[in-house]
1. Six or more apart or on different chains, Cβ atoms under 6 Å: show the pairs whose first residue is in the range 187-211 and within 9 Å of ligand 2 (Cβ to nearest atom) and whose second is of a type in the set (Phe, Trp, Tyr) and part of a loop (DSSP other than H, G, I, E, B).
2. Give the residue that is surrounded by the fewest Cβ atoms within 10 Å (Cβ to Cβ), with candidates limited to residues of the range 181-194 that are among the β-branched types (Val, Ile, Thr) and within 12 Å of residue 26 (Cα to Cα).
3. Give 154, 70 a once-over and let me know the one that is open to solvent by less than 80 Å² (accessible area, probe 1.4 Å), within 23 Å of residue 189 (Cα to Cα), within 14 Å of ligand 1 (Cβ to nearest atom) and among the aliphatic types (A, V, I, L, M).
4. Go through the range 29-41 residue by residue and tally those that are open to solvent by 70 Å² or more (accessible area, probe 1.4 Å) and either near ligand 1 (Cβ under 6 Å from one of its atoms) or among the acidic types (Asp, Glu) (or both).
5. Filter the range 195-229 for residues that are open to solvent by 60 Å² or more (accessible area, probe 1.4 Å) and within 16 Å of ligand 3 (Cβ to nearest atom) and give the result.
6. If I filter the range 137-149 for residues that are over 30 Å from residue 123 (Cα atoms), at pLDDT 95 or above and not basic (Lys, Arg), do I get at least one hit?
7. Which members of the range 193-249 meet the condition of being aliphatic (A, V, I, L, M) and out of contact with any Gly (no Cβ under 7 Å at 6 or more places or on another chain)?
8. Can you pull out the residues in the range 1-28 that are under 16 Å from the mean Cα position of the chain (by Cα) and either modelled with pLDDT under 90 or within 15 Å of ligand 1 (Cβ to nearest atom) (or both)?
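The values are calculated or read from the model by the stated rules, or taken from the named source; none is laboratory data. Nothing here was measured: the structure is a model prediction, and the numbers come from that model. When we count neighbours, we look across all protein chains shown, and the Cβ atoms used for this are built from the backbone with ideal geometry, even at glycine. To get the accessible areas, we keep the full protein, side chains included, count just its heavy atoms, and leave off ligands, DNA and RNA. Shrake-Rupley method; radii C 1.70, N 1.55, O 1.52, S 1.80 Å.
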Amino acid sequence: MITDLIMGTEYTLDLSAVKIPTHVAIIMDGNGRWAQARGLPRQAGHRAGAENLRRVINACVDFNIKILTIYAFSTENWSRPKREVRALMRIFARVLNQEIGNLHQQGVCIHHLGELTGVEPNIQKKVRDALELTRLNDRLILNVAFNYGGRAEILHAVRQMLADGVKPDDLDEELFSSYLFTHGLPDPDLVIRTSGEQRISNFLIWQAAYAEFYPTPVLWPDFDKFALYDALVAYTDRDRRFGRVSTED
Ligand code: IPE
Ligand code: IPE
Ligand code: MG
């Protein structure tokens, strides 16, 4: 049972009937539309989205979710107008500065999914410092997909395997997974995409093979603890068959 006080009203979320996925992944989409709907520049939407991240991380800790993966910046997002890319980098750096202390105190262990090459050196340093500071924490693993693309990740893995001289006969799914940025972690159980889009946009294309997909029309800056709870309720009702017949049959 989780109780929350919102504008003087007490809300209770009953967790007893909810199956908590081990690994939740979120495509945080809709910042631009959130801002547009308010007559604000897109950057304002990204700032609101960054604010919301803190709330969703807190909710994941409260719900006892063990791994949260967030899609923060894709390899394709470099094609946005320079001004927007600059704003996104600034916001990312600020979030790292301002939130890292709290995240560390909360027991959050940060992992980075993606490549740091091509990213501004000061951001590279902040990411490395954050990984180092939080590496022993175990309350929540927070995978930050930043300069991440699923196809780029697969190419990166293949290059590494070739460099390591992996023999074709030795290659299986487990070995391949061990070369991905998510090595050592279980695949996502639930992939949430906010803002109504129903596509994967190059996110965890290997790892999400059997994830449950939950699209919601809620725009990312508005995606709160209650919206996350709704996603968990929907996940609880899913029958994950993994190609087999239903466990209820
Ligand atoms: C998600 O919001 C943030 C990033 C992709 C970095 P968008 O900026 O994609 O917002 P919309 O989709 O234009 O509304
Ligand atoms: C996916 O959102 C990437 C992130 C949320 C970081 P996009 O807004 O970039 O995806 P498309 O362009 O709608 O597929
Ligand atoms: Mg978008």
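1. As it stands, the answer is 194/223, since those pairs meet every condition given.
2. Let us first name the residues in the range 181-194 that are among the β-branched types (Val, Ile, Thr), namely 182, 191-192, 194.
Keeping just the survivors that are within 12 Å of residue 26 (Cα to Cα) gives 191-192, 194.
Values: 191: 24, 192: 28, 194: 26.
My answer is 191.
3. Working: 154 fails: within 14 Å of ligand 1 (Cβ to nearest atom).
Unique residue meeting the criteria: 70.
4. Total meeting the criteria: 1.
5. Answer for the range 195-229, where residues must be open to solvent by 60 Å² or more (accessible area, probe 1.4 Å) and within 16 Å of ligand 3 (Cβ to nearest atom): 198, 199, 200, 217, 222.
6. At the first step, the residues of the range 137-149 found to be over 30 Å from residue 123 (Cα atoms) are none.
No, the range 137-149 contains no residue that is over 30 Å from residue 123 (Cα atoms), at pLDDT 95 or above and not basic (Lys, Arg).
7. Just the residues of the range 193-249 that are aliphatic (A, V, I, L, M), to begin with: 200, 204-205, 208-209, 211, 218-219, 227-228, 231-234, 245.
Correct list: 200, 208, 209, 211, 218, 227, 228, 231, 232, 233, 234, 245.
8. 25, 26, 27, 28
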